[in-house]
Amino acid sequence: MKKQSLVKGLRLPFISALITMLVISIAPAQIARADVITSTSDLAIQLVSAPQHAKACQIVTATFTITNLGPDEATGVYVQTSIPDQFGDVALLGVPDSLAVGQTATITAILKVVAFVPGESRSAWIGAHVWSDPYPNISIDPNPANNEASTPVKMISKPVLTCP
C-alpha cells in the first residue's frame, strides 16, 4: 500500500514538471515568431491585351496590369504565366519588386508558339497569376479571386511538330 500512495503522491509533481518543461521548450519558438510582420496587400491583375489568334512558331505578347489595392505595400511581388504546352516563355518584362498602395505596374509576357502537334486542340490560352511573398514575413491577400487573368487564343495554321 505504501508504494501505491508514494506513486500517487509523485504523480502530481511529475505532471507539473512535465508541463513546465513543455512550456519552456515552446516559449522560445513563440518569441522567435513575434518579430515576423504580417502585411495585407490585395494584388489584382487584369489582362490588357493578347492576341486572339496565334500561328505555329510565332512570337506573341500579352500585356497585364497589376494594381495593389492595399491596405499595405506589397513586397516580393511575383508573376507566373499560365500557358499550355504549345507556348514557351521567352520573357516576362516589367515585374516590380514591390508596389505601393494604389500603384499599378504594366507587365508584358513574350511567348513563342513552340509546337503545334497534329491532333491537338486548336484552343489555347494565355494567363498570369500574381502574388506577394515578403520572406521571411507573411502577406495575406484579402481577395485572392482577383489574382488571376487569362484569355483564350485560337491556334491557326497547319500543324507543325517543332519550331526552329
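Read-outs throughout are calculated quantities, based only on the coordinates presented, and are distinct from any laboratory measurement. Just so it is clear, the structure is predicted and the values come from calculations on it, not from any experiment.
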Cα shape, segment 38-155, gyration tensor, a/c 1.5 rule:
prolate
Calc'd 3J(HN,Hα), segment 52-61, phi into Karplus 6.51 cos²θ - 1.76 cosθ + 1.60 (θ = phi - 60°), Hz, glycine/Pro = x, comes to 7, 9, 9, 9, 4, 6, 7, 9, 10, 10
Would you grab the residues whose amide H sits under 5 Å from the one on ASP42? Only those 5+ places off in sequence or on another chain, please, with H modelled 1.01 Å from N.
LEU69, GLY70, ASP72
